[in-house]
Amino acid sequence: MIYNLPFIIVVAMIFIGLFAVIFKRNLVKIVIGISIIESGVNLFLITLGYREGGVVPIFTSAPPEVAENAPGSMVLPVPQALTLTSIVIGVAVLALMLSLIMHIYRHYGTLDVRKIRRLKE
Amino acid sequence: MNWFEIITMHSPALIVAVPLLTGFLTPLVSRINSTVRNLFVIIMLSITGFLIALLGYDVLTNGIRTYVFGGGNTVVTLPSGLMFHVRIIFEVDVMNVFMIFITIILAIIGIVYSFSFMKKEDGLDKYYTIVLLLITSTLGMELTGDLFNFFVFLEISCITSCALIAFWVHKGEALEAAFKYIVVSSIGALFFLFALGLLYAQYNALNMATIANSIQFSIIDQAALILIIAALAMKAGLVPMHMWLPDSYGEAPPSITFILIAATQASLYGAFRVLFTLYGNVFNSVNLASLSLVLTTNTMGWIIITLAIITILVGVFMALIQTDFKRLIAFAAVAEIGYIFLGIGVRLASKYVQYTGGSATGIAFTEYSSIALNGSIFHIINDCLDIGLLFLVAGAIYYATKETSLDKMGGLARNLKYTTIFFVIGLLAVSGMPPFNGFASKLMLYESTFQLNPIIAIIAVLASIMLLAVFVKVFYSVFMGPEQPKFKEVKEVPKTMLIAMGAIVVIIIIFGLFPNLVINNLVAPAANALTNYTTYISKVIPGVI
């Protein structure tokens, strides 16, 4: 059970984020919702990288006996690399969304999605 | 090894690198003046086009080409003997060549069109930078053989498209459309990343060939499949995730819309690749032993067919009631996406009939399923050209009259002669009338669909006729009718815009008159490459099958 806890938190975060995106009316809250989903997905990737008894794959700070005798016990750093890339992309998307919100506020004078509806179906 | 072979060898990487570097050099070059900048952009894109031609020729003659970044193959071997497929790989088969070919055609024509269309705007150095980044990301999505790499290019395409949709930042509607787009597509991309994590957790690999080799179709794989297809269908504009598409297509500058179509098709390509290569051993179900896989194929096929039919109907009916020219074309674009998905669905469902329908029916449906896939792939390029041409015409009319509302236009055929001719060709092509390319691919789709289920084929034909009706109405209200005094001074649009539109018209007519040329040389090999997933795998992991 305790090993499944991170996965439960991941799913909970994704659903909380989706809830915010779908039901909140404030644009900033929608963006916060997307950020929460993103954190959930990143947490998922990080959790995948965990191996019981593994060593952090940093050669200079590894315990000497690991670095010399058993380099195989270091975990493969692919999920960590994926997470870093994903965080960087997330920052770019977040910045773009917030700058769009600034412009939208200048045009419409509000952040309420119910009032920002010039484009109709 | 001479320089020619070296360039061919490195062309997959160069095709992505050249537009990327050009994009970041453009602000520097535009310090000199705008003519030099335009020349620089078009020359660099032509070089990319040349590289694509080289790569395409090589792939068509010698088969799949792979390009591994930072090593000879994808495997990294640890001292303890463990092997991991970790290196990033570009894997190019005929399907990829087909897609990058479409992209570069649309990119070059879109850029040529921009020269006159965007002339009077500010911030053009940034405009070209972002357009080139969008082209880079589209080409990257279509070349890569690595799922995470695909995700990165997907996000780049999402960011750049959003920035370009909001290019007319003085209009509130453009901002609204851009925000809608980025919310939808970033959530889609995050779910794609989640699905990728699920696959990585099971197979310890990220490149498509390795995953395709060991895919089990367990419950987790099924969840990953649904997440990936939903995310990509969202980016492609399948109903019920189509609501961003008319907004963004309608509000972006038309030259951008034209290149956005290529970016949308890249997501569609992703869906093709995932269904037929990544999950190849499920959806090409070779072994009859596992009937559950065959059943899965049928279910998946009918889900996609249902969504596709709804997409076609929604697109056509919403197009009927629009009063804005570009929004109307955008809904027609939704309908066209529906046709492409219809082809995919029919392919999957016919596979089911092929394995369960007895020997005679089975053999017949082997052919129909391949016709459906060919039609669907052929329709990708036709959709790009036809819808793209209509958007360029709408842009030309906006350029000449500063009007987008259909109610306020009329009698423009007097002033805009060439544009009128281009529009007529576009409307006939998009609604599948005989001498043009839309007819060739739609006929293939109708033919295979009719064998599977006549009612669906009839709906598809009727929707196509409705599309013709919609555009004939537009034709009358925009180009025909009495001369309006306020449009007396309207002049024909500049030459570069006419050249851009004329180039597409020439391609449309060639494809319409000689469809077999395209189908035999590009489309059918592309479909073969897509479904022969074992060849795709064995290029990366030698010794498989």
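The values are calculated or read from the model by the stated rules, or taken from the named source; none is laboratory data. From a predicted model like this one, the values you see are computed outputs, not experimental measurements. As a convention, Cβ positions derive from the backbone with ideal geometry for all residues, glycine included, and neighbour counts pool all protein chains shown.
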Practice item. Filter the range B:432-448 down to residues that are surrounded by fewer than 24 Cβ atoms within 10 Å (Cβ to Cβ), of a type outside the set (A, V, I, L, M, F, W, C) and assigned to a loop (DSSP other than H, G, I, E, B), then give me how many there are. Key: 2
Check your understanding: For the range B:386-404, which residues satisfy the criterion of being under 21 Å from the mean Cα position of the chain (by Cα) and in a loop (DSSP other than H, G, I, E, B)?
Key -> none
**Study point:** Given (1) in contact with a strand residue (DSSP E or B) (Cβ under 9 Å, 6 or more places away or on another chain); (2) of a type in the set (V, I, T); (3) away from chain A (no Cβ under 14 Å), index of the condition B:I88 fails
**Key:** (3)
Revision key, fill the gap. Note on the range A:1-51: residues of a type in the set (F, W, Y) and in contact with a Phe, Trp or Tyr (Cβ under 7 Å, 6 or more places away or on another chain) are A:F44
Review point. Has the range A:55-73 got at least one residue that is out of contact with any Gly (no Cβ under 7 Å at 6 or more places or on another chain), in contact (Cβ under 8 Å) with a residue 60 or more places away in the chain and not hydrophobic (A, V, I, L, M, F, W, C)?
Key: no
Practice item. Please go through the range B:372-385 and pick out each residue that is surrounded by fewer than 24 Cβ atoms within 10 Å (Cβ to Cβ) and closer than 16 Å to B:T449 by Cα. Key: B:N374
Exercise for review: Go through the range B:225-274 and give me each residue that's small (G, A, S), touching a residue at least 60 places away in the same chain (Cβ under 8 Å) and out of contact with any Asp or Glu (no Cβ under 9 Å at 6 or more places or on another chain).
Suggested key: B:A233, B:A236, B:G237, B:S248, B:A252, B:S255, B:A262, B:A263, B:S267, B:A271
Point to revise | Number of positions in the range B:159-197 that are farther than 24 Å from B:Q222 by Cβ and free of Cβ contacts under 8 Å to residues at least 40 places away in the same chain | key: 13
Check your understanding: Which is more than 14 Å from chain A (Cβ to nearest Cβ), assigned to a helix (DSSP H, G or I) and surrounded by 22 or more Cβ atoms within 10 Å (Cβ to Cβ), of B:L260, B:L238?
Key -> B:L260
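Can you tell me which residue among B:G237, B:G270 is modelled with pLDDT under 90 and within 21 Å of B:S157 (Cβ to Cβ)?
B:G237
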Check your understanding: If you check every pair at least six apart or on different chains, which have Cβ atoms under 7 Å apart with a residue in the range B:198-220 that is more than 13 Å from chain A (Cβ to nearest Cβ) first and a residue that is assigned to a loop (DSSP other than H, G, I, E, B) and of a type in the set (D, E, K, R) second?
Key -> none
Review point. Which one of these does B:K488 not meet: (1) buried (at least 16 other Cβ atoms within 10 Å of the Cβ); (2) more than 30 Å from B:G362 (Cβ to Cβ)?
Key: (1)
Review point. Restricting attention to the range B:11-24, does a residue exist that is over 21 Å from the mean Cα position of the chain (by Cα), farther than 16 Å from B:I105 by Cα and not in a helix (DSSP H, G or I)?
Key: no
Check your understanding: Can you find even one residue in the range B:157-173 that is in a helix (DSSP H, G or I), over 30 Å from B:I504 (Cα atoms), within 11 Å of chain A (Cβ to nearest Cβ) and at pLDDT below 95?
Key -> yes
Point to revise | From the options B:G438, B:G426, B:G410, B:G395, residue that is within 30 Å of B:W302 (Cα to Cα) and out of contact with any Lys or Arg (no Cβ under 7 Å at 6 or more places or on another chain) | key: B:G438
Study note, to complete from the structure: Matching residues in the range B:405-420 (touching a residue at least 60 places away in the same chain (Cβ under 8 Å) and either in a helix (DSSP H, G or I) or within 15 Å of B:A332 (Cα to Cα) (or both)) number 8
Practice item. Please determine, by comparing only the residues of the range B:176-209 that are crowded, with 24+ Cβ neighbours inside 10 Å and hydroxyl-bearing (S, T, Y), which one is nearest to A:M102 (Cα to Cα). Key: B:Y181
Practice item. Sort through B:L412, B:L390 and tell me the only one that's modelled with pLDDT of 90 or more and either polar (S, T, N, Q) or out of contact with any strand residue (DSSP E or B) (no Cβ under 6 Å at 6 or more places or on another chain) (or both). Key: B:L390
Revision key, fill the gap. Among helices (runs of 4 or more DSSP H) completely within the range A:1-80, the ones holding 3 or more residues that are away from every other protein chain (no Cβ under 13 Å) are A:5-23
Study note, to complete from the structure: Of the residues in the range A:86-121 that are polar (S, T, N, Q) and surrounded by fewer than 16 Cβ atoms within 10 Å (Cβ to Cβ), the one that is nearest to the other protein chains (Cβ to nearest Cβ) is A:S99
Review point. Out of B:V523, B:V474, B:V470, which single residue is buried (at least 16 other Cβ atoms within 10 Å of the Cβ), outside any loop (DSSP other than H, G, I, E, B), within 21 Å of the chain's Cα centre (by Cα) and of a type in the set (V, I, T)?
Key: B:V523
